[in-house]
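Undergrad: Handing you this structure, nothing more for now.
The values are calculated or read from the model by the stated rules, or taken from the named source; none is laboratory data. No experiment lies behind these values; they were computed from the predicted model shown. Because the Cβ atoms are built from the backbone with ideal geometry, glycine has one as well, and the counts that use them run over all protein chains shown. In case anyone asks, the SASA skips ligands and DNA or RNA and just uses the protein heavy atoms, side chains included. Shrake-Rupley method; radii C 1.70, N 1.55, O 1.52, S 1.80 Å.
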Amino acid sequence: MFQLGINTCFAVKRWPRPADWAPVVRDTLGLDLVQVSLDLVDLTRGGAALSRAVDEHREAVDRHGITIHSVFTGIAGYSSNLLLHPDERERDAAERWYEEAIEFTARLGAESVGGHVGAYSVPDWADAERRTILWDELRVRLGRLAAVARSRGLQGFLVENLAARREPSTMADIESLITDGDAEHVPLELCLDVGHMCVPGTEGEERDPDAWLRRLGQRAAVIQIQQGDVHGDRHWPFTAEHDAAGRIQPSAVLEALDPESSAPLIFEVIPAFEAPDETTLADLVESVRRWREAIARSEAPARP
């Protein structure tokens, strides 16, 4: 049975505190599952500040009957090269940052953490030898983080398919990073974003969300849903206006997935900061309604 949830990126600069976004999620949208965006959490403050953030999240979700599924990198993290930064000291810092994210996730009681793991610089991407060295190092660093995550009781570490070629963005890229895990390491799991098949320079099935779902959907721990088109990573809501311009069809996504899959469908809608707040809310409500209707149709018994 398909389960809907939402990434709290929708709340950035509007509902920044858990006490602000939790009633929107539960009472306005009628959802009870969230993926917490690290855009709303400053991991660098540590100590008492991080403990306070944990307490605020736990209090808000417990009060509103919400489950935190996972913790995810946001726009701020995506603006960094992270584990593929050209400077080794910066890669080390990114690994420590992810260790803090693992600790935060464990204290929240969520099952996994991850998202954007790294982006090559232009010079490194242009150098085939350097590109290979950094990719091999990325796999080593992810392995270490998978071990830390296991030690803290997590169930997985998420690796997202992304929308630029200097990032993990092809099926082969993702398949070279995800793992089954073992006694000492959590699995490196796919967070499959259906709006990221717009990578310049790719063609054929690489640009087809349904092909990605057919090939990798059953190996995904999370399916992020957003409306978009072939020209860019839009993160639009599912409304009549955007559905007319977009190419993501809920019915096609659901058809490509196993109904018994445990991977939740997580809205990752990023409203424009200048959009009216009431419009943002209305678009989210409409998005949830459209997907619920599509799920109901997909789960209805066939007529004899």
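Undergrad: Once semi-axes √(5λ) of the Cα gyration tensor in Å is worked out from the coordinates, which option in [x] 38, 34, 18; [y] 28, 24, 19; [z] 35, 22, 17 does it equal?
TA: Evaluating semi-axes √(5λ) of the Cα gyration tensor in Å on these atoms matches [y].
Undergrad: What net charge is computed for the residues neighbouring I133, neighbours being all others with C-beta under 12 Å from the C-beta of I133, Lys and Arg scored +1, Asp and Glu -1?
TA: -2
Undergrad: R63 to E99: FRET efficiency via 1/(1 + (r/R0)^6), r the Cβ-Cβ distance, R0 35 Å, to the nearest 0.05?
TA: 0.75
Undergrad: While we're on this one: Calculate the length of the line joining the C-alpha centroid of segment 1-35 to that of segment 138-214, in whole Å.
TA: A separation of 24 Å, based on Cα centres.
Undergrad: What nm value, rounded to one decimal, do you get for the distance between D208 and D258 when each label is placed 7 Å out toward the C-beta?
TA: Simple spin-label model gives 2.2 nm for this pair.
Undergrad: Considering the chain as a Gaussian network with a 10 Å cut-off on Cα pairs, which listed residue, A126, A101, A149, attains the greatest mean-square fluctuation?
TA: Comparing A126, A101, A149 in a Gaussian network model of the chain, the most mobile one is A126.
Undergrad: Regarding segment 1-97, what's the average projected area of the Cα-atom convex hull, expressed in nm²?
TA: 7.3
Undergrad: Which helices pass in the chain if a helix is a full DSSP H run, must span at least 27 angstrom along its long axis by Cα, and must have mean Kyte-Doolittle hydropathy not below -0.5?
TA: Flagged H segments are 128-151.
Undergrad: Please give the contour-minus-distance gain from R165 to S298: 0.36 nm per residue of separation, less the Cα-Cα distance, rounded to one decimal in nm.
TA: Numbers: separation 133, 0.36 × 133 = 47.88 nm, distance 3.40 nm.
Result for the pair: 44.5 nm of gain on full extension.
Undergrad: Distance in nm between label sites at D55 and D27, each 7 Å beyond Cα in the beta-carbon direction?
TA: Using points 7 Å along Cα→Cβ, the separation is 2.4 nm.
Undergrad: Right, next: Most fluctuating residue of E137, E274, E103 in a GNM of the chain with Cα springs under 10 Å: which is it?
TA: Of E137, E274, E103, the Gaussian network model singles out E274 as fluctuating most.
Undergrad: Oh, and also: How large is the Kirkwood hydrodynamic radius of segment 240-304, counting all unique pairs of alpha carbons, in Å?
TA: It is 13.7 Å.
Undergrad: Given the C-alpha centroids of segment 256-283 and segment 38-103, what is the distance between them in whole angstrom?
TA: Answer, in whole Å: 21.
Undergrad: Nothing charged except the Cβ atoms of Lys and Arg (+1) and of Asp and Glu (-1): what's the magnitude of the dipole of the chain about its Cα centre? Round to the nearest 20 debye.
TA: I would put it at about 400 debye.
Undergrad: Along the positive direction of the dipole of segment 252-304 (beta-carbon charges: Lys, Arg +1; Asp, Glu -1; about the Cα centre), which of T279, V269, W291 reaches farthest?
TA: The one lying farthest along the dipole's positive direction is W291.
Undergrad: If we count every other residue with Cβ under 14 angstrom of R215's Cβ, Lys/Arg +1 and Asp/Glu -1, where does the sum land?
TA: Net charge in that neighbourhood comes out at -4.
Undergrad: So with the 1.4 Å probe, I'd like the accessible area per residue for the chain, rounded to whole Å². Could the numbers behind the result be given before it?
TA: Values: 13550 Å² over 304 residues.
Here the per-residue accessible area is 45 Å².
Undergrad: So how far apart, in nm, are the two label points at A183 and T132 if each is 7 Å from Cα heading toward Cβ?
TA: 3.5
Undergrad: Continuing with this model, one more query. On the protein heavy atoms, probe 1.4 angstrom, tell me the percent of accessible surface of the chain carried by carbon and sulfur.
TA: Roughly 48 percent of what the probe reaches on the chain is carbon or sulfur.
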